[in-house]
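The structure appears below as structure tokens.
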């Protein structure tokens with residue numbers, strides 16, 4: 001019969017099996033540790049490489065400058081660069097002040113002379129400028145106008161009228177030329193002002209309108225009529241008479257009170273017609289009128 005192994009043999013085998021398992025377990029643990037360590041090293045290398053790339057592409061100003069990598073300077077946007085802005089503002093301000101302070105003699109002498117603002121230009125005495133004319137001109141870009149001859153004449157007539165310094169209707173009424181109303185004398189005075197330019201509101205020998213003309217004529221007889229057709233038609237010095245009784249020196253008053261003149265005979269009267277015309281002897285141009293006589 002086969003001899004059974006002793007209990008010691010079985011124990012030895014069991015011990016050998018346990019030792020072999022322990023050895024294998026330790027080897028597996030060691031390999032796992034080595035793998036974990038290798039993975040950790042590779043991960044650390046990747047992180048280090050990534051950090052290095054980040055520092056090279058976007059360096060920080062607060063990093064130390066020691067080592068092989070030199071950090072770059074941080075770029076400051078133009079809008080936040082106070083030194084550049086200050087320099088630019090000072091330059092623009094200086095240029096503006098220099099332009100405003102540019103003296104008149106810095107312009108071309110020919111252009112200045114054509115403008116009519118200065119006299120003869122003397123380069124040796126550029127600071128001395130004599131003003132010859134001051135004008136106020138309303139200018140609208142892209143438009144211009146030309147004054148007609150009639151407009152220019154009316155403007156001159158108005159200026160002459162405003163510059164009159166002679167006797168007025170008040171002066172004549174206070175010291176009349178004639179003591180009594182006489183048709184012949186009235187015609188003489190009326191004819192004296194023929195050719196006087198029409199000026200709206202005028203009542204002196206430099207300018208007359210229709211009622212101002214009558215006011216000035218009868219002032220020389222000591223009668224100061226109002227300066228208005230309507231007011232003259234209601235003045236107590238006037239008396240309405242039939243046309244058949246009209247005589248030179250009476251007044252021709254239009255029915256609508258738009259105009260009046262001095263009757264000079266059948267169908268004729270002296271009057272100041274309208275702007276652009278002058279005092280003259282002319283036909284009565286309408287049949288819608290009545291006759292009034294001036295009395296003291």
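Extension gain, residue 27-residue 152: 0.36 nm per intervening residue step, less the Cα-Cα distance, totals 32.5 nm.
Alpha-carbon geometry of the range 165-294: the Rg and the Dmax are 13.2, 41 Å, given in that order. Stretching residue 88 away from residue 51 to a fully extended chain increases their span by 9.3 nm, per 0.36 nm per residue minus the current alpha-carbon distance.
Taking all Cα pairs closer than 8 Å and separated by 6 or more residues, the relative contact order of the range 165-294 comes to 27 percent.
Just so you know, all these numbers are worked out from the coordinates, no wet-lab data involved. Source: prediction; values computed, not measured.
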